[in-house]
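One structure is given below, encoded as structure tokens.
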Amino acid sequence: NLQKIAEEEVKKGAQQNDQDYKGSNASLVALDVKTGQILAMVGSRDYFDETIDGNVNVSTRARQPGSSFKPIVYAASFEKGFTPETPLWDVVTTFKVEPKDYEPHNYDDKEHGLVNIRAALAGSLNIPAVKTIYLTGLERVLDLAQKLGYTTLEERSRFGLSLVLGGGEVRLLEHVAAFSSFANDGNYISPSSILKVEDSSGRVLKEWKDPRPNPAMNPTTAREITDILAD
């Protein structure tokens, strides 16, 4: 039933994407955050549609996540000691980085003055997000990403401050698993797609076992991020 619902929602969402953003495909992953078991996975809008490369499982391909990567960066900042009330200036700022200066802007091209992290994340503001990754440190963010199961961010020299705005490609399956850690008090559980494998005589070759959670972040950090996202 969950898979059927997921397929219907992907079709509806993809139609909206096509209409609003000229995006032809879509994908969906749903996980049980306590077990890591995949409850539903839809790889594309239509497997048989060659015009959108339908027989590619988008959920396991590397794609830029956009602003949905911001909570990972803010979580790393909380681990460093920042809080939802930490103030940041949302004003256009030039960052002196190699190979050239970097000057991010908000999606509405406006500045909002002094804001706290709670407001910055809830409003998905770009400038405070870049300041947060700058102040937190790229290495600290990538360390947390590694704990959260991302396997596409290992070549660290490729990334800079734009990582917080989705500048690094991730797999949807791994992205959902990382987000599930927010709902699991900071504990990471890797996704599981197989419950049991038997041979022709019924002998069990492989069987799912309840995994041991890996603490990726402080429970308080996970709860604070979840609370802000609820805004």
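The values are calculated or read from the model by the stated rules, or taken from the named source; none is laboratory data. Not measured: the values here are computed from a predicted model. Ideal geometry is used to build each Cβ from the backbone, glycine not excepted, and the neighbour counts take in all protein chains shown. Note: areas computed on protein heavy atoms with side chains; ligands, DNA, RNA excluded. Shrake-Rupley method; radii C 1.70, N 1.55, O 1.52, S 1.80 Å.
With point charges of +1 on the Cβ of Lys and Arg and -1 on the Cβ of Asp and Glu, referenced to the Cα centre of the chain, which listed residue (A178, N57, S162) lies farthest in the positive direction of the dipole? Of A178, N57, S162, it is A178.
So in the chain, what percent of DSSP beta bridges are antiparallel if you round to the nearest 5?
Details: 16 of 17 bridges.
Antiparallel bridges make up about 95 percent of those DSSP assigns within the chain.
Hey, for a label at Y107 modelled as a point 7 Å past Cα toward Cβ, could you say which residues of region 153-175 have their backbone N under 14 Å away? Correct set: 165-166.
Exposed loop sites were defined as GluC sites (Glu not before Pro) in DSSP loop states (anything but H, G, I, E or B) carrying at most 16 other C-beta atoms within 10 Å; in the chain the longest segment without such a site runs 1-84. According to the square roots a ≥ b ≥ c of the eigenvalues of the Cα gyration tensor, what is the shape class of region 137-201, taking rounded for a/c under 1.5, prolate for a/b larger than b/c otherwise, and oblate for the remainder? In terms of gyration-tensor shape, prolate. Counting other Cβ atoms within 10 Å, keep those with at most 11, restrict to DSSP loop, and tell me which trypsin sites (Lys or Arg not before Pro) in region 61-98 are left. In loop regions of region 61-98 (DSSP not H, G, I, E or B), the sparsely surrounded trypsin sites (Lys or Arg not before Pro) are K96. The residues of the chain present an accessible area of 56 Å² per residue when probed at 1.4 Å with all protein chains retained.
About the centre of its Cα atoms, region 1-149 shows a dipole size close to 400 debye [charges on the beta carbon of Lys, Arg (+1) and Asp, Glu (-1) only; nearest 20 debye]. Using a probe of 1.4 Å, the accessible surface attributed to I72 totals some 0 Å² when neighbouring protein chains are kept in position.
In this Cβ point-charge picture (+1 for Lys and Arg, -1 for Asp and Glu), region 39-94 has a dipole of about 180 debye about its Cα centre.
Carbon-plus-sulfur accessible fraction, the chain (probe radius 1.4 Å, protein heavy atoms only): 49%.
For K4, the lysines whose Cα comes closer than 20 Å to its Cα, not counting residues fewer than 8 places off in the same chain, are K12. The chymotrypsin sites (Phe, Trp or Tyr not before Pro) of region 35-87 that DSSP puts in a loop, and whose beta carbon has at most 15 other beta carbons within 10 Å, are Y47, F48. Can you grab the distance from the C-alpha centre of region 69-84 to the C-alpha centre of region 1-65, Å, no decimals? Spelled out, the Cα-based centre of one part sits 28 Å from the other. Legend: calculated FRET efficiency, K96 to S67, from the Cβ-Cβ distance at R0 = 25 Å, rounded to 0.05, equals 0.55. To the nearest 10 square angstrom, how much accessible area does S162 have with a 1.4 angstrom probe? Accessible area, nearest 10 Å²: 50 Å². Shape of region 78-231 from its Cα gyration tensor (a ≥ b ≥ c, root eigenvalues): rounded if a/c is under 1.5, otherwise prolate when a/b > b/c, or oblate? Prolate, since a/c reaches 1.5 and a/b exceeds b/c.
How about region 110-155: which trypsin sites (Lys or Arg not before Pro) there lie in a loop by DSSP and see at most 14 other Cβ atoms within 10 Å? Don't skip to the answer; put the middle values down first.
Working: sites: K110, R118, K131, R140, K147; in loops: K110.
Here the trypsin sites (Lys or Arg not before Pro) that fit, given the DSSP loop and packing criteria, are K110.
For region 83-231, the tally of Lys pairs with Cα-Cα distances below 27 Å comes to 11, considering only residues 8 or more apart or on different chains.
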